[in-house]
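Working notes for the structure below.
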Amino acid sequence: MQKRTLGNSGLEIAPLAFGGNVFGWTADEQRSFELLDSFVDAGFNLVDTADTYSTWVPGNHGGESETIIGNWFKRSGKRQKVILATKLGKPMGPRKKGLSRQYILSEVEDSLSRLQTDYIDLYQSHEDDKDTPLEESLATFAELIEQGKVRAIGASNYSAERLAQALRTSAEHGLPRYETLQPNYNLYDRADYEATLEPLCLREHLGVISYFSLASGFLAGKYRSEADLAGKSRAPMVKKYLNERGYRILRALDEVARRFNATPAQVSLAWLIARPSITAPIASATNTTQLKELVAATRLRLDDEAVRQLNEASAWSPAEQALVRA
């Protein structure tokens, strides 16, 4: 399988990442082990998680996903086969958030303990912390890299303006730079990334690992009406896609999927994989059948006509970008 490099980090990954947000949420530990084994045994290596996964589940406090991955590392002995990406910065409890030096040094130790490893391949700022100087955060990451606890750093949910500022700060002070960006990007959610972030990522040669690659399952064709959302955990996230543009995208996905003997989910991921700025989309599965479908997407080669059809069906307007920014 042809690997892709994450920015200038030297980290090489397969063109599909597994999203660990499901571990400890919709996949219990045993199922998570099965999924991780299947993913890595199929030749893939980037597993993405975060300290906050999965705080939104009643009874959880954060760290559940990292804990499951750590238990899998211990049981499977496959740590060396994985490019491990995790994140910090979002709230983990009262006064436990942000990117201050003190918090980074504390939280990295908690993550390393949960993950049962002595290093993190890609440590990402989960969101911007405008209350902490960029130089302070980046200098702290530099300490972790020097100590061998982190190999490379990345950003998630940054605006183009703040990401550019962070890159300038790294250059001006001789500090490690964010080598990757993790944005919300898929066939529906195109405007914000393409208008502002994509040009910056291409110019600066940043690796991009997109999240919500299937728009919470909408682009897999699972949800085509509000009736399909009844009782579903992702209903609040999917409802916004049930509109004229969303249905137009689904029709195009159906047509391309029929032509390539594929599924809408596979076509959606193949579209992302084919985009020059995307290193690897992140996708999740809760059973091995779903995972095999996602893995097969990496073997799907869309032709120019299919890409054009999908681009036209999902085209966004400046007005939409303004709405996203509002």
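Please name all residue pairs, on different chains or six or more residues apart, with Cβ atoms under 7 Å, provided the first residue is in segment 92-103 and is within 19 Å of Thr55 (Cα to Cα) and the second residue is open to solvent by 30 Å² or more (accessible area, probe 1.4 Å). Pairs found: Lys97/Lys90; Lys97/Pro91; Gly98/Asp131.
Apart from one condition, Arg101 fits all of (1) over 21 Å from the mean Cα position of the chain (by Cα); (2) at pLDDT below 95; the exception is (2).
Can we say Ala152 is in contact with a helix residue (DSSP H, G or I) (Cβ under 6 Å, 6 or more places away or on another chain), aliphatic (A, V, I, L, M), in contact (Cβ under 8 Å) with a residue 12 or more places away in the chain and open to solvent by less than 20 Å² (accessible area, probe 1.4 Å)?
On the way: in contact with a helix residue (DSSP H, G or I) (Cβ under 6 Å, 6 or more places away or on another chain): no; aliphatic (A, V, I, L, M): yes; in contact (Cβ under 8 Å) with a residue 12 or more places away in the chain: yes; open to solvent by less than 20 Å² (accessible area, probe 1.4 Å): yes.
Against the criterion (in contact with a helix residue (DSSP H, G or I) (Cβ under 6 Å, 6 or more places away or on another chain), aliphatic (A, V, I, L, M), in contact (Cβ under 8 Å) with a residue 12 or more places away in the chain and open to solvent by less than 20 Å² (accessible area, probe 1.4 Å)), Ala152 does not qualify.
Could you please give the count of residues in segment 169-195 that are open to solvent by 40 Å² or more (accessible area, probe 1.4 Å), part of a helix (DSSP H, G or I) and in contact with a Leu (Cβ under 9 Å, 6 or more places away or on another chain)? Qualifying residue count, segment 169-195: 1. Just one of the listed residues (Phe39, Phe44) is within 19 Å of the chain's Cα centre (by Cα) and part of a helix (DSSP H, G or I), and it is Phe39.
Restricting attention to segment 249-263, and to residues there that are within 16 Å of Glu312 (Cα to Cα) and out of contact with any Ser or Thr (no Cβ under 8 Å at 6 or more places or on another chain), which single residue is most open to solvent (accessible area, probe 1.4 Å)? Per the stated criteria, the residue is Arg251. For segment 47-77, residues that are of a type in the set (D, E, K, R) and either crowded, with 17+ Cβ neighbours inside 10 Å or assigned to a strand (DSSP E or B) (or both) total 4. Does Leu269 satisfy being open to solvent by less than 80 Å² (accessible area, probe 1.4 Å), under 20 Å from the mean Cα position of the chain (by Cα) and under 26 Å from Glu34 (Cβ atoms)? For Leu269, the condition - open to solvent by less than 80 Å² (accessible area, probe 1.4 Å), under 20 Å from the mean Cα position of the chain (by Cα) and under 26 Å from Glu34 (Cβ atoms) - is met.
Against the list (1) within 30 Å of Glu161 (Cα to Cα); (2) in a helix (DSSP H, G or I); (3) β-branched (Val, Ile, Thr); (4) touching a residue at least 40 places away in the same chain (Cβ under 8 Å), the condition Val256 fails is (1).
The values are calculated or read from the model by the stated rules, or taken from the named source; none is laboratory data. No experiment lies behind these values; they were computed from the predicted model shown. Note: ideal-geometry Cβ built from the backbone for every residue, glycine included; neighbour counts use all protein chains shown. These area figures cover heavy atoms from the full protein model, side chains too; ligands, DNA and RNA do not enter into them. Shrake-Rupley method; radii C 1.70, N 1.55, O 1.52, S 1.80 Å.
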